[in-house]
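The values are calculated or read from the model by the stated rules, or taken from the named source; none is laboratory data. This structure is a prediction, so every number in the text was calculated from the model and none was measured. Cβ placement follows ideal geometry from the backbone for every residue including glycine, while neighbour counts extend to all protein chains displayed. Each accessible area value is taken on the protein alone, full model and side chains, heavy atoms only, with ligands, DNA and RNA left out. Shrake-Rupley method; radii C 1.70, N 1.55, O 1.52, S 1.80 Å.
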Amino acid sequence: MKPLKELTRPNIWNLKPYSSARNEYSGHVAHVFLDANENPYNKPYNRYPDPLQEEVKAKLAIVKSVNPEQIFLGNGSDEAIDLIYRCFTRPGQDNVVAIEPTYGMYKVCADINDVAYRPVLLDEHFQTTANHLLNACDSHTKVIWICSPNNPTGNEINRKEITALLQRFEGLVVVDEAYSDFSAISPLRLELNKYPNLIVLNTFSKAWGCAAIRLGMAFAQKNIIDIFNKVKYPYNINSLTQQQALQILKDPYEVDKWVKTLLLERSRMTEAFKLLPICKKIYPSNANFILVEMNDAQAIYNYLVEKGIIVRNRTNVQLCHNCLRITIGSKSENNELLAALRQY
Ligand SMILES: *Cc1c(COP(=O)(O)O)cnc(C)c1O
C-alpha cells in the first residue's frame, strides 16, 4: 500500500476540521451546558447529539468484533461511499475500478465527484480475479470497489481473489458487506487488522431491519477512520437514530432470529421458483434476495405491478438480461408472490 498521505486528497490531508462545542468539552462530569447556544427547553430534542456516537460504537464494537476507533458511522452506507470519494480521489484526475454489475451508488458518487469510473465485467459465473481488476488500474487508480455478497447477483466474490487484491493493490480496497449476515462465509470485516488498505461497509438497513433510521458503517484501521471523521458533517447521526441503534443493539438475538427465518424462506422460494415454468434459472444467493432469470422479465414485472407486488426488474443490467431481483419477504408476502406467478 502507498502511504495514506499519498492516497488522500492534499486539501483533506491538510484540513483542520470544525471543532464543535461538544468536541472541545469532553471527559469531565458536567450538568450545566451553556456552550452550544441550545434552547434549555424541549428536552431531550434540544441537545446536539454526540458527534462521534461513542455509546453506539462501544456496543457495536462488541457485536461486530472490531475496536470502536475502527468504526465510522454515516447517514446510510451512502454517506461512507461518498466520503471515500471526497477523501481519497481528486476530481478530474483520479479514477476508481469496480466490478460490474454491482450496487449503483458507487458509480453515482463517482459521477458526482467527477471521478472516472472503470467497470470490470464479471464472468458468466459472476466472478472476477485480482489480475482482471489490477489490469484495469493505472497510477491514478485510488480505490477498487467490491461488493460481496454482490448486489444484484447475490453471490460471494471469490475470497482468495479479494485477499490477493488487498495484498497487491497499492490503493484502497472497499468491500461492501451489506449482505454478509445472510452468507455462510465469514465476513472479511473479521480480518480488518491484517489489511491496512481495507475498508469494509456494513449497514443497519438489511439484516438489522432499520432502513428508516439511515445508519451505515465503515470499518477500517484507525488512520482511515480519522480522515472520515475530519470530513463528515459534525453531527451527521441524529439523536433519534442513535437511540434506535442502541435499542436494536440490545437484542442482536432478535436479528439472528430474523436472519434464520429469512434463510429458510430463501430456500423455500428457491425450490418454489424451480417449479415455475416461466422461470429459466435461479442463481445461488448468499443474500436476502434471489436473482432469477424469467422467460420475459418486463412482462412479468408489469403483471406483478398490476397486482400491487413490486420486485426489481434488472433486465437492462449487464449479464442480467430477463432477470428479476426478488427480496425475500415474510412468509405471507412470499406466498402472495408465488400465487401470482403461478397464475401468470
Ligand atoms: C442496500 C445496500 C446498501 C445499504 O445502503 P444504506 O445507505 O446503508 O441503506 C449498501 N450496499 C449495498 C450493496 C446494498 O445493496
The helix 252-274 Cα axis meets the longest alpha-carbon principal axis of the chain at an angle in degrees, between 0 and 90 and rounded to 10, of 20
dims of the stretch 211-268, Cα set, principal axes, largest to smallest, nearest Å -> 46, 26, 18
Please compute the contact order of the stretch 195-344 in relative form: average sequence separation of alpha-carbon pairs under 8 Å and at least six residues apart, divided by the residue count, as a percent.
16
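Please report the carbon-and-sulfur percent of the accessible area for the stretch 294-344; probe 1.4 Å, protein heavy atoms only, DNA, RNA and ligands left out. Mind dumping the intermediate values first?
Values: 1260 of 2860 Å².
Here carbon and sulfur together make up 44 percent of the probe-accessible area.
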Rh by Kirkwood over Cα pairs, then Stokes-Einstein D for the stretch 7-123 at 1.002 mPa s and 20 °C, µm²/s:
121
Quickly rank 196-202, 76-82, 329-335 as a protection proxy: mean count of other C-beta atoms within 10 Å, highest first.
196-202, 76-82, 329-335
Run lengths n ≥ 4 of DSSP H only: what is the helix-derived mean residue ellipticity at 222 nm for the chain, with -39500 (n - 2.57) per run over all residues, to the nearest 500?
-10500 deg cm²/dmol
Relative contact order for the chain: what is it in percent, counting Cα pairs under 8 Å that are at least 6 residues apart?
18
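Under 10 °C and 1.306 mPa s, how fast does the stretch 79-216 diffuse according to Stokes-Einstein, given a Kirkwood radius computed over C-alpha pairs? Answer in µm²/s, whole number.
105
Might you tell me the accessible area per residue for the stretch 197-344, computed with a 1.4 Å probe and given in Å²?
Dividing the accessible area of the stretch 197-344 by its residue count gives 49 Å².
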Taking the chain as a whole, which cysteines find no other cysteine Cβ under 4.7 angstrom from their Cβ?
87, 109, 137, 147, 210, 279
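Which whole-number percent gives the relative contact order of the stretch 187-229, counting Cα pairs below 8 Å spaced six or more residues apart?
38
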Per 0.36 nm of contour for each residue apart, how much would the distance between residue 26 and residue 54 grow if the chain were fully extended, relative to their Cα-Cα spacing?
8.9 nm
Taking only Cα atoms of the stretch 161-253, radius of gyration then Dmax in Å:
14.7, 42
Which of the lysines could be linked to residue 250 by a straight reach, that is with a Cα gap under 18 Å, when you skip same-chain ones fewer than 8 residues away?
57, 59, 64, 206
Given 332, 121, 106, which one lies farthest toward the positive end of the charge dipole of the chain, if we put +1 on the Cβ of every Lys and Arg and -1 on the Cβ of every Asp and Glu?
332
Could you look at the stretch 81-192 and say what percent of its accessible area is carbon and sulfur, using a 1.4 Å probe and all protein chains?
50
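Under Stokes-Einstein, with the Kirkwood radius over Cα pairs standing in for Rh, what whole-number D in µm²/s applies to the chain at 4 °C and 1.567 mPa s?
Answer from the Stokes-Einstein relation: 60 µm²/s.
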For the stretch 207-344, what ratio Rg/Rh do Cα atoms give with a Kirkwood hydrodynamic radius?
1.08
Going by alpha carbons, how many degrees (0 to 90, nearest 10) lie between the helix axis of 239-249 and the longest principal axis of the chain?
60
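Residue 123: net charge of surrounding residues, Cβ under 12 Å, Lys/Arg +1, Asp/Glu -1, itself excluded?
That works out to -3.
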What angle do you read, to the nearest 10 degrees and between 0 and 90, between the alpha-carbon axis of helix 222-231 and the longest principal axis of the chain?
80
Using only Cα atoms, locate the centre of the stretch 135-181 and the centre of the stretch 64-118, then give the distance between them in Å, rounded to an integer.
12
With the other protein chains left in place, how much accessible area per residue, in square angstrom, belongs to the stretch 1-131 at a 1.4 angstrom probe?
55
Antiparallel content of DSSP bridges confined to the stretch 172-265, in %, to 5:
50
Picking from 188, 83, 276, which is most flexible by a Gaussian network model of the chain using Cα springs under 10 Å?
276
